[in-house]
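Asker: My questions will all concern the structure given below.
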Amino acid sequence: MKRVTLRAEEGASLSSGSLRLYAIAEEDDGEGALHPVGAVDLYAYDPLNRRCAVGIMVATEQRRRGYATAMLQELERMGRETFALHQLYADIAATNEVSLALFGKAGYRECGRFEEWLVVKGRYVDCVRMQRGVGGGDEG
C-alpha cells in the first residue's frame, strides 16, 4: 500500500469553506525522498452538519499506482481526527467509471443522482453523488 501525507499550505484552514491538501508520497527507493503526487480539494464545508465535498486529482505520471486510494484513506483519517467531520461526499460524472470505481473501493456509496447535471465533452451527463461516513463530529 502506498503511503501519502496530505498537507495544507501554511495558515490555510477549512473554516474558509474550502481547503486544498497536497499529497506527498515517500519514494520507494529506500532513501525516503518525498515527491508530490496530487491534491485533494475539500469544498462546500458545512460546519453545522459536519460534512464536506471532496475532489481528488492525481498527477498524470502517478496514476494507476495506488496513490488515489491512499489519498482517500488518509483523508478519511483526517476527516475524523483533524476536522471532526461526520461525512464526506463526492459528485462524479456518471461517465467517469475510474472515479466511480475508486470511490466505491474506498467505501463510498451512491446516495443520489442528478440528471443532466454536468457538461462533459460538450454534452450533459448525469452526476452521481457518493458519500461515506467518517465517524467524526458525532457530538449532537
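Bear in mind that the values in this text are calculations on the coordinates, not laboratory data. The structure presented is a predicted model; accordingly, all values stated were derived computationally and were not measured. Here the Cβ positions follow ideal geometry from the backbone for every residue, glycine too, while neighbour counts run over all protein chains shown.
Asker: For the chain, with the dipole built from +1 on Lys and Arg beta-carbon atoms and -1 on Asp and Glu ones, taken about the Cα centre, which of Val119, Val40, Ile24 lies farthest toward the positive end?
Answerer: Val119
Asker: Another one. Please report the relative contact order for the chain, taking Cα pairs under 8 Å with a sequence separation of at least 6, and give it as a percent rounded to a whole number. Mind showing how you got there, number by number?
Answerer: Values: 272 pairs, mean separation 27.5, N = 140.
Computed value for the chain: 20 percent relative contact order.
Asker: Based only on other Cβ atoms within 10 Å, what is the fewest-to-most ordering of Val40, Val119? Please list the in-between numbers first.
Answerer: Values: Val40 23, Val119 10.
Exposure proxy ranking, most exposed first: Val119, Val40.
Asker: Which order do the peptides 101-108, 59-66 come out in when sorted by mean C-beta neighbours inside 10 angstrom, highest first?
Answerer: Details: 101-108: 17.0, 59-66: 11.9.
Those peptides, ordered most packed to least, come out 101-108, 59-66.
Asker: In addition: Give me the dipole magnitude in Debye, nearest 20, for segment 1-110 about the Cα centre, with unit charges on the beta carbon: positive for Lys and Arg, negative for Asp and Glu. Each step should come with its number before you reach the end.
Answerer: On the way: 13 positive and 16 negative charges, 80 e Å.
Charge dipole, segment 1-110, about its Cα centre: 380 debye, nearest 20.
Asker: Related question: What 222 nm value per residue comes from the helices of the chain, counting each DSSP H run with n ≥ 4 as -39,500 (n - 2.57) and dividing by all residues, nearest 500 deg cm²/dmol?
Answerer: The per-residue figure over the chain is -5500 deg cm²/dmol.
Asker: Tally Lys and Arg at +1 and Asp and Glu at -1 over the other residues with C-beta under 14 Å from the C-beta of Val119: what net charge comes out?
Answerer: Numbers: positive: Lys121, Arg123; negative: Asp91, Glu115, Glu116, Asp126.
Its environment carries a net charge of -2.
Asker: In whole Å, largest first, what are the principal axis extents of the Cα atoms in segment 38-121?
Answerer: 36, 32, 19
Asker: Taking the DSSP beta bridges in the chain as the whole, what percent of them are antiparallel, to the nearest 5?
Answerer: 90 percent
Asker: Can you check what the Kirkwood hydrodynamic radius comes to for the chain, Cα pairs only, in Å to one decimal?
Answerer: Value: 15.8 Å, from the Cα pair sum.
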